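Here's the structure, in structure tokens; my notes come after.
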Amino acid sequence: MRIGAAILTFALVLSGCGDDPEPTNEASTDAKTKQEPLYVYSAYEDVDYLPALFREYTDATGIVVVVRHRDDQQNLDDMMAKSGSQPADLLLTSSIASIWKAAEEGLLRPLPADSAALEMPGALRDPDGLWVAASVDPMVVLRQSASDADVSYQSLGQAVAPLCVSSSTLPANRTLLAWMMAATDARTTEFSVRRWMAAIQLPPREDYADVIDALSSDACREALLPMSAVPDERRSQVLAPPEVFFDIEGIGIGRHARSPDAAAALLDWFVSRPVQQKHARATGRLPVTEPDAGLPGGSQLSTRGIASAGFLYPDAVLLAERARYR
């Protein structure tokens, strides 16, 4: 159950991290707007990409955007303890699991009722209006050669074998298991995963690049991957079932944001069509403004709602352990 914000109490921490990034302009606020810089907590390993993207927002509005790079868990921990030297105006997570957890822990405030972000399809946002998807990352299948066999998550490795998968510890894989449970049930999903494990010759790979290498070296004939991990030269080989399950980047306004209205405007800018198209090209994901357009012919994103995968994510972790999916 989601804990009401009114009953949450956070411990005060007197000392900050001390190494958060600072605005690059000489003044701490913009001379024209007097708007304090906006702080975005992000899990991006590339520390150059987001600052460059947000610089376009600064050029258009005069509002400085500072990006703090930590992994998702560190960002959530610091938001809980209020231990960052600057509180998060926006939180940008790498998966549904992290943005869902942020909402569960009371670390986000509701988006304004007039936010343009709330106009996106319900499958891509929180039913309580605390967050929305910032990009879409479908789970897809790659095969060594063309095949007429139907593609389904449940039957991977059966019609075309052997199968290659990456570790179940990677969030996208756990999200897929959560989706499968939402579409059927835990027992059916566990049976499917056990069949995956019977269809592999190599243990689950540590990362997606290892899966691509295994496919290229004939160690497997079929591979399961998030679309963002598929190299450009292999995009034409992407296959997907009719109903496509996916992970997201999630974005929401921090509970202790100093400038929530300005943060809401920045969030709306980030999920706008022009920015989403640019973001999709840079990250290999699909834009929230037209995600189906990037899928193989006949496939469409599931309309069940990504929130259901967030809710079932802890169950997916346990299911992977039972099925010996490492």
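None of the figures in this text is laboratory data; all of them are computed from the coordinates on show. This structure is a prediction, so every number in the text was calculated from the model and none was measured. Cβ atoms come from the backbone with ideal geometry, glycine included; neighbour counts cover every protein chain shown.
Here are the numbers for the structure shown:
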quantity	calculated
Size of charge dipole - the chain - debye, nearest 20, with Cβ of Lys, Arg +1 and Asp, Glu -1, no other charges	680
Orientation-averaged projected area, Cα convex hull of the range 81-222 (nm²)	11.3
For the chain, built as a Gaussian network whose Cα springs stay under 10 Å, the top-fluctuating residue of L176, L215, L90	L215
Student exercise, the range 29-166 dipole from Lys, Arg, Asp, Glu Cβ charges, in Debye to nearest 20	160
Dipole moment magnitude, nearest 20 debye, the range 175-325 about Cα centre, only Lys, Arg, Asp, Glu C-beta charged	180
Helix axis angle, 72-81 relative to the chain longest principal axis, alpha carbon, degrees	40
Answer label for Kirkwood radius over Cα pairs in Å (calculated), chosen among (i) 20.1; (ii) 20.6; (iii) 21.8	(ii)
Among I200, A219, A229 - extreme Cα towards positive end, dipole of the range 198-326, charges at beta-carbon	A229
Placed amide H near S135: partners under 5 Å, 5+ positions off or other chain	E249
From phi via Karplus (6.51, -1.76, 1.60), per-residue ³J(HN,Hα) for the range 281-296 in Hz, x at Gly/Pro	4, 7, 10, x, 8, 10, x, 5, 6, 7, x, 5, 5, x, 9, x
Nonlocal amide H pairs with V244, under 5 Å, H built at 1.01 Å	Q300, L301, S302
nm² value of the averaged projected area, convex hull over the Cα atoms of the range 103-175	7.4
Scaled radius of gyration (Cα, divided by 2.2 N^0.38 Å) that the range 263-326 gives	1.50
Cα gyration tensor shape for the range 61-162, rounded if a/c is under 1.5, else prolate or oblate	prolate
Whether the range 181-249 is rounded, prolate or oblate, judged on the alpha carbon gyration tensor where a/c under 1.5 counts as rounded	oblate
Simple label model, 7 Å out from Cα along Cβ direction - L318 to D48, nm	4.5
Charge-dipole axis of the chain as Lys and Arg at +1 and Asp and Glu at -1 on Cβ define it, positive-most pick from Q276, A323, S167	A323
